[in-house]
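> So that we are looking at the same thing, I have put the structure below in structure tokens.
The values are calculated or read from the model by the stated rules, or taken from the named source; none is laboratory data. What you are looking at is a predicted structure, and each value in this text was computed from that prediction instead of being measured. Surface accessibility is based on the protein's heavy atoms, side chains included, excluding ligands, DNA and RNA. Shrake-Rupley method; radii C 1.70, N 1.55, O 1.52, S 1.80 Å.
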Amino acid sequence: MNDNRNPSLTDNAQRLRREMTDEEKHLWYDFLKQLPININRQKIIGNYIVDFYCAEAKVIIELDGAQHHSKEGFEKDEKRDKDLQSLGLTVLRYTNRQVNLKFRDVCDDIFHHLFKKN
């Protein structure tokens, strides 16, 4: 997967890892980090930086803030998802609201996608 990586995104990916949103921190520290499978934070795939990536399951996990709910944000996400899916990846999207109000449901859904083939 690293063959498709855009090296000009490295600095931004590192900054995003240092400056995770509250919802990203919650999902990472309270769930993803504890799983018995390798998950990367702010992973560069092609021309995109994805929030979380599990190479073994070929799953991307994206957390969407308010900027994703505009028409422009939705269209960008739709193109991004199609590009990533064309690489054989599954893209899971959750809103920050879902992470805050239905954390267990989000975790259960992610778990299902990560381990359904194993």
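> How many Å² of accessible area per residue for the stretch 1-100, probe 1.4 Å?
Per residue, the stretch 1-100 has 58 Å² of solvent-accessible surface.
> Per-residue accessible area for Tyr29 at 1.4 Å probe radius, Å² rounded to 10?
Number for this one is 110 Å².
> Using just the helices of the chain, give the 222 nm mean residue ellipticity in deg cm²/dmol: DSSP H runs with n ≥ 4 each add -39,500 (n - 2.57), and the total is spread over all residues, rounded to 500.
When only DSSP H runs of four or more count, the value is -13000 deg cm²/dmol.
> First compute the accessible area of the chain with a 1.4 Å probe, then give the percent of it belonging to carbon and sulfur atoms.
Result for the chain: 46 percent of the exposed heavy-atom area is carbon or sulfur.
> Per residue and in Å³, how big is the convex hull formed by the alpha-carbon atoms of the stretch 19-118?
99
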